[in-house]
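**Q** Pasting a structure here, questions to come.
The values are calculated or read from the model by the stated rules, or taken from the named source; none is laboratory data. All values reported here derive from a predicted model rather than from experimental measurement. No Cβ is skipped: glycine too gets one built from the backbone with ideal geometry, and neighbour counts run over all protein chains shown.
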Amino acid sequence: MSNESLANLLKEERRFPPPAELATHANVTAAAYEQAAADRLGFWAEQAKRLSWETAPTQTLDWSDAPFAKWFADGRLNVAYNCVDRHVEAGLGDRIALYFEGEPGDTRALTYADLQREVCKAANALTELGVRAGDRVAIYMPMIPETVIAMLACARLGAPHSVVFGGFSADALATRIEDADAQVVITADGGYRRGKPGALKPAVDEAVARVDRVRHVLVVRRTGQPLEEAGGTWHDSRDVWWHDLVDRQSDQHTPEAFDAEHPLFILYTSGTTGKPKGILHTTGGYLTQAAYTHHAVFDLKPETDVYWCTADVGWVTGHSYITYGPLANGATEVLYEGTPDTPHQGRWWEIVQKYGVTLLYTAPTAIRACMKWGDDIPAKFDLSSLRVLGSVGEPINPEAWMWYRNHIGAGTAPIVDTWWQTETGAMMLSPLPGVTETKPGSAQLPLPGIAATVVDDDAREVPDGAGGYLVLTEPWPSMLRTIWGDDQRYIDTYWSRFEGKYFAGDGAKKDDDGDIWLLGRVDDVMLVSGHNISTTEVESSLVSHPKVAEAAVVGATDPQTTQAICAFVILRGGADAETSDVDASDAGLVEELRAHVAKQLGPIAKPKRIMPVAELPKTRSGKIMRRLLRDVAENRDLGDVTTLTDASVMELIQAKLPTAA
Ligand code: 6R9
């Protein structure tokens, strides 16, 4: 960003107070903010009591070696015991932990007692394979119960896992196995996606052949596809079937307590440049914040709620809000293997109806896809069980927020827009459903115990109504501890831009009430005629037009204005830009959209070019990859496309741009 704050263009006046009933019975009230403000560390020490410690901590934060934090350092605990055994001991063994829904329609329900037996067997199996505390284990799986069981079995043994998203290539898997030096890999023959079995084991074979350090590969049979047909090979000395090894183990296993700062997992995030960063999370602080935020932000009532997070376990959202937070809280949750539109575009809503889901956590990209498919699809299902709706992953455009509230939440369920990162480990900014008067499109304020603000280039806090950079001004329990094997990169990436503050890399603004709005990654901010303009605000303005379902905006180099705003839009109602009568040549619609943005945000934000497209390039966790669109808009060869969900999307977009200049 240049030496001028981010412009504050979008004005949003709509306000939604919490439902009275929810507010009356809310787990967390406004008092939490006051308690945490009066004694932040005392507040977190109190939250740590949600966990069962073998040795309770007497210390809270040790920041003497900043930015390397230690939380609850003299406490000892076992994460798997906290997520499973203690609930069984408390008499809740018959409560459902996981309702598994396979994409082909197969189902399984695991109680906490079932989960305890499975986790114990898996821990015994890993022990037989030689896994010891401190050893790293790579997990490359579809979304099935064994994935959660494998993570918990690793945690039980104190063996940090590195989950690699099942959609990643052999190459990405090899890099991650190598960086973490994992010697055991847990995988499956495959999983179901879009109505078909997709193989995983062949990619493991390829990756393992390349790294040459892996001793064992433990393979769950999920699809039953013949391995050779899928291009894989079985290595007798290395590979072992889960059902051969795990099923014959004892279902008893005594958990050992580990130090609060014992590593729990490594999760890789790919930045735009350089090799992926292995984000390291540890035990006590991580679990404390994952459990507290899940309790507070979803208002979880474990006796009655049915919770569903649609993320993949390969992302941090799946770690903190499928595996660790909900299970630490004794929740009942849905685990769904497949895609939202298989076999039909109402699949998610059918699942909500079937299980009576009360708390739903999903991403703006999915909400916008549902908007595009049409209002009539969710209308066919009974969604009346839903009482809190969560969003994560990207800024949620105000119109997508309104659609989510009205069409999924019956116009009454509060939306919690949760801002956080792989690095933060757990939620950081979010409304509280029983307290906050919500605003469409804003994550609003730091959670109790979290300190965040918006600063300008000189690290000065911006006044209300101004924009800048989001920073975290105090350490928090679930913060990353370092980048695996690269302390210097940890310091350089997060703690060097502003002295003593964590730099999140996101642009943000404060509104007139001091509430925070996320405005996209700092790398994506556009500079137009001397003004810094947020991609998010222009995109949200486009999405507020009734004909637009989704928009991606980039700044392309321009001789007159430094950068010119270029927008790529997906039209609503399933209108496919390939087949509909509206396309790039439809000057009428393009003019209408340009005028709409100019009217809403001012002439400075009026896009120079608008191109209707059928799809947008997304990362596999659903975030728009603006970098690639910038390459297209500037007529450059495309950079790295390996993390794209579907690389052919870029060909389609390029084919639509004969006049790009
Ligand atoms: C949890 C997760 C982190 C980046 C983050 C920001 C964006 C996530 C957001 C949001 C606006 C929200 N982001 N949640 N932006 N509002 N509610 O997504 O982690 O994959 O590491 O991504 O995602 O840009 O910096 P991760």
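**Q** Of the residues 408, 415, which single one is closer than 20 Å to residue 17 by Cβ and within 12 Å of the ligand (Cβ to nearest atom)?
**A** 415
**Q** Find the residue count for segment 368-413, including only residues that are in a helix (DSSP H, G or I), in contact with a Leu (Cβ under 9 Å, 6 or more places away or on another chain), at pLDDT 95 or above and not aromatic (Phe, Trp, Tyr).
**A** Total satisfying the criteria: 4.
**Q** Quick one: what pairs do we get from segment 411-424, first residue within 20 Å of residue 277 (Cα to Cα) and of a type in the set (S, T, N, Q), second in a strand (DSSP E or B) and within 11 Å of the ligand (Cβ to nearest atom), C-beta under 6 Å, 6+ apart or different chains?
**A** So the pair list comes out as 422/267; 422/269; 422/279.
**Q** Write out, first by first residue and then by second, each pair whose Cβ atoms fall under 9 Å of each other, whose residues are 6+ apart or on separate chains, and whose first residue, in segment 357-371, is farther than 16 Å from residue 569 by Cα while the second is within 12 Å of the ligand (Cβ to nearest atom) and among the polar types (S, T, N, Q).
**A** Short answer, once both residue conditions are applied: 361/317; 361/391; 361/418; 362/391; 363/317; 363/391; 363/621.
**Q** Return yes when residue 431 is more than 9 Å from the ligand (Cβ to nearest atom), crowded, with 24+ Cβ neighbours inside 10 Å and either in contact (Cβ under 8 Å) with a residue 60 or more places away in the chain or in a loop (DSSP other than H, G, I, E, B) (or both) and no when it is not.
**A** yes
**Q** Can you find a residue in segment 446-455 that is of a type in the set (Ser, Thr, Tyr), within 24 Å of residue 270 (Cβ to Cβ) and within 16 Å of the ligand (Cβ to nearest atom)?
**A** Looking through segment 446-455, none of the residues is of a type in the set (Ser, Thr, Tyr), within 24 Å of residue 270 (Cβ to Cβ) and within 16 Å of the ligand (Cβ to nearest atom).
**Q** Could you grab me the full set of residues in segment 319-339 that are in a loop (DSSP other than H, G, I, E, B) and surrounded by 19 or more Cβ atoms within 10 Å (Cβ to Cβ)?
**A** 329, 330, 331, 337, 338
**Q** Where in segment 57-153 are there strands (runs of 3 or more DSSP E), lying wholly inside it, with at least 2 residues that are closer than 22 Å to residue 285 by Cα and not basic (Lys, Arg)?
**A** Values: elements: 61-65, 68-71, 96-101, 107-111, 137-140.
Result: 61-65, 68-71.
**Q** Which residues, counting only those in segment 267-290, are within 15 Å of the chain's Cα centre (by Cα) and buried (at least 24 other Cβ atoms within 10 Å of the Cβ)?
**A** Listed by number, the residues that qualify are 267, 290.
**Q** Now for a different question. Can you pull out every residue in segment 586-626 that is within 16 Å of the ligand (Cβ to nearest atom) and modelled with pLDDT under 90?
**A** 619, 620, 621, 622
**Q** Sticking with this structure for a sec: Given the structure, is residue 380 away from the ligand (no atom under 16 Å from the Cβ), touching a residue at least 60 places away in the same chain (Cβ under 8 Å) and charged (D, E, K, R)?
**A** No.
**Q** Another question about this same structure. Just to confirm my filter: which strands (runs of 3 or more DSSP E) fall fully inside segment 172-236 and include at least 3 residues that are under 22 Å from residue 126 (Cα atoms) and touching a Leu at 6+ places or on another chain (Cβ under 8 Å)?
**A** Filter on segment 172-236 gives 184-188.
**Q** When residue 293 is evaluated against the numbered criteria (1) surrounded by fewer than 20 Cβ atoms within 10 Å (Cβ to Cβ); (2) not in a loop (DSSP other than H, G, I, E, B), which criterion, by number, is the only one it fails?
**A** Against the list (1) surrounded by fewer than 20 Cβ atoms within 10 Å (Cβ to Cβ); (2) not in a loop (DSSP other than H, G, I, E, B), residue 293 comes up short only on (1).
**Q** Out of the residues in segment 441-473 that are more than 28 Å from the chain's Cα centre (by Cα) and without any contact (Cβ under 8 Å) to a residue 24 or more places away in the chain, which is surrounded by the fewest Cβ atoms within 10 Å (Cβ to Cβ)?
**A** Among those residues, the one meeting the criterion is 458.
**Q** Out of segment 392-404, which residues are away from the ligand (no atom under 11 Å from the Cβ) and either crowded, with 24+ Cβ neighbours inside 10 Å or under 17 Å from residue 374 (Cβ atoms) (or both)?
**A** Selection gives 399, 400, 402, 403, 404.
**Q** Return the only residue of 424, 436 being part of a loop (DSSP other than H, G, I, E, B), within 11 Å of the ligand (Cβ to nearest atom) and at pLDDT 95 or above. Before you say what the answer is, go through the steps one by one.
**A** Working: 436 fails: within 11 Å of the ligand (Cβ to nearest atom).
Selected residue: 424, the only one of 424, 436 that is part of a loop (DSSP other than H, G, I, E, B), within 11 Å of the ligand (Cβ to nearest atom) and at pLDDT 95 or above.
**Q** List the residue pairs whose Cβ atoms are under 9 Å apart, where the first residue sits in segment 71-82 and is in contact (Cβ under 8 Å) with a residue 60 or more places away in the chain and surrounded by fewer than 24 Cβ atoms within 10 Å (Cβ to Cβ), the second is assigned to a strand (DSSP E or B) and charged (D, E, K, R), and the two are 6 or more positions apart or on different chains.
**A** 73/62; 73/259; 74/259; 76/259
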